[in-house]
């Protein structure tokens, strides 16, 4: 019998209407990090992820591709560079993977639908209102924002059809009490939004079936209906454990669990999901945590909008662990964060290369240089140091004072030991609060303190007189290895592959890699075999890396384009007011120069009629020489947010026409009559 405490955690199940992007990766890496942290603590962990594969949007996408919906989702989930491949690449340690097309899930949902119908919580009616196909969401007129979907901002369509409804309104008071008077929904800042925006205006009953498309789970007692997305999707968290099916038999062992989701689906998970559970008399989830978005150029990444970042390209160029670390280190988990390639490179160079990599490299190199790869016996932690660390780790530091004679290096030892001894408690507090970014902040405070310790003790100076200073030098290097060991343990959930290599280089055996040993100073053997291995985190040449990324992203876009002469017209309609928000202006080219170390970018200095020069970078060097453009009158959108390209700011976009000739892309800048003054508005 397994006596370990159990911990069940899930990602949302992702909608495979297209390849997943860095936003999905962010959520899955975060959930994986939390799962690995609990395993490190000794918990028996069940980690679930998967895909939500039904719905009208996928049915339409499959029709466009000329294949069945199942063939369509199979390509994205199981195919090359698909969902499962991506999670394998990103070292995701999920225990189970559910697809809502799995037979056991389909049968379970039919039973669940019937149970809710039999207990009176599902009834037949007629839906009439607004529908957003990309979001697969119904809305009332009052919920629309500027006449569009409040979630994605795209147009909605009128919808009317026979449907089954779930009595969501019946559970409004209970759900409100759950949100306001428990810690069910986190971060707490999301509670007021749910209550004020959705519950207090009046919860309407929820449409849970559709008849206008067929790609879904049939209602077995009324087959012209298919179960609508949220009832189908939300129950994955329990059908994957065997609820209402015989595929698994551990629902009672694992449920309830913790659902990690993006903030755009918090409403469904914090209002509809607990109401569903209440309807069936099930335990409610322990927590729903709604993390923020990764923004690109100030806007939410979206597969349908096409403003996404490919995690494959980033992982292949910078390494999986560096990408995992960046996602967890840089963005506060409950808030939005602005993604950029420049920020990724900066984080790798600052934290991984300069701080952690430098600490490991310098320490192992000095052990090799001064002691042949193994420290002498007796150089490890003293009894007093172990006692001090134990007191600090347990929080017994009230009244603790340490006075050192001036110049006594023991002061530096105690400061490093104190920081390392207190680390596990601070780290645990942050991780339990779903704040991995804060946990990493605490780890890197110790890493930075250890680097400072090197400078304070100047091992290279001690080594000049080994007879007099050899013992002190060995103790300094031991302290550095021990601090590295503790930090390495706590970084394992974030960078599992790299920390395995770190432990090998620092001579840390398996017994010294445990959660328990992370709270104890002096565990590392003082005669451990230390190896100066590969540089785990080499510095990144920013300009070269950005150039390479730009080329890889362009190649990926080119590979994704259909083999047509012209791009097809978009099917999305844009209302007149939205169009008018784009500010097109005539601009005069005052200067045009190539951007250093870029084969594609030209830097334009433009007169836009304001009296202040405007700089725009444009990737058109393949088609134009800079000197041929000076003096020309072009058209630009001037009210786009500034964007960094190759470390320079681009304030707007020049308008071009693009088509294909003999398989090659051809671009023509839109040039207008030079008699048109700079700043003239295009309309």
Restricting the search to region 314-325, which residues are more than 18 Å from residue 535 (Cβ to Cβ) and crowded, with 19+ Cβ neighbours inside 10 Å? 314, 315, 324
Find the residue count for region 332-378, including only residues that are more than 39 Å from the chain's Cα centre (by Cα) and buried (at least 20 other Cβ atoms within 10 Å of the Cβ). 1
With respect to residue 177, is the statement that it is free of Cβ contacts under 8 Å to residues at least 24 places away in the same chain and under 32 Å from the mean Cα position of the chain (by Cα) true? yes
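Please return the ranges of strands (runs of 3 or more DSSP E) entirely within region 120-203 where 2 or more residues are out of contact with any helix residue (DSSP H, G or I) (no Cβ under 8 Å at 6 or more places or on another chain) and at pLDDT 85 or above.
So the answer is 122-132, 157-166.
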If you check residue 98 against the conditions, is it buried (at least 20 other Cβ atoms within 10 Å of the Cβ), in contact (Cβ under 8 Å) with a residue 40 or more places away in the chain and farther than 23 Å from residue 279 by Cα? yes
Given the criterion at pLDDT 95 or above, part of a helix (DSSP H, G or I), within 30 Å of residue 647 (Cα to Cα) and touching a helix residue (DSSP H, G or I) at 6+ places or on another chain (Cβ under 7 Å), identify the matching residue among 494, 444. 444
Only one of (1) surrounded by 15 or more Cβ atoms within 10 Å (Cβ to Cβ); (2) touching a helix residue (DSSP H, G or I) at 6+ places or on another chain (Cβ under 7 Å); (3) modelled with pLDDT under 95 does not apply to residue 550, and that is (2)
Exactly one condition in (1) buried (at least 21 other Cβ atoms within 10 Å of the Cβ); (2) in a helix (DSSP H, G or I) is false for residue 85; which is it? (1)
Could you list, in sequence order, the residues of region 513-527 that are free of Cβ contacts under 8 Å to residues at least 60 places away in the same chain and crowded, with 22+ Cβ neighbours inside 10 Å? 523
Can you tell me which residues in region 626-683 are part of a helix (DSSP H, G or I), exposed (fewer than 11 other Cβ atoms within 10 Å of the Cβ) and touching a residue at least 12 places away in the same chain (Cβ under 8 Å)? 627
Note on residue 538: of the conditions (1) in a helix (DSSP H, G or I); (2) more than 16 Å from residue 367 (Cβ to Cβ), unmet is (1)
Out of region 204-228, which residues are assigned to a loop (DSSP other than H, G, I, E, B), surrounded by 20 or more Cβ atoms within 10 Å (Cβ to Cβ) and under 33 Å from the mean Cα position of the chain (by Cα)? 208, 215, 216, 217, 228
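Residues checked against (1) in a helix (DSSP H, G or I); (2) at pLDDT below 95; (3) surrounded by fewer than 20 Cβ atoms within 10 Å (Cβ to Cβ):
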site: 2; (1), (2), (3): no, yes, yes
site: 8; (1), (2), (3): no, no, no
site: 11; (1), (2), (3): no, no, no
site: 16; (1), (2), (3): no, yes, no
site: 20; (1), (2), (3): no, yes, no
site: 27; (1), (2), (3): yes, no, no
site: 37; (1), (2), (3): yes, no, no
site: 49; (1), (2), (3): no, no, no
site: 61; (1), (2), (3): yes, yes, yes
Of the residues in region 330-345, those that are touching a residue at least 60 places away in the same chain (Cβ under 8 Å) and within 21 Å of residue 543 (Cβ to Cβ) come to 330, 339, 340, 341, 342, 345
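The values are calculated or read from the model by the stated rules, or taken from the named source; none is laboratory data. Please read these numbers as outputs of a predicted model, since none were measured by experiment. Every residue, glycine among them, receives a Cβ derived from its backbone with ideal geometry; neighbour counts consider all protein chains shown.
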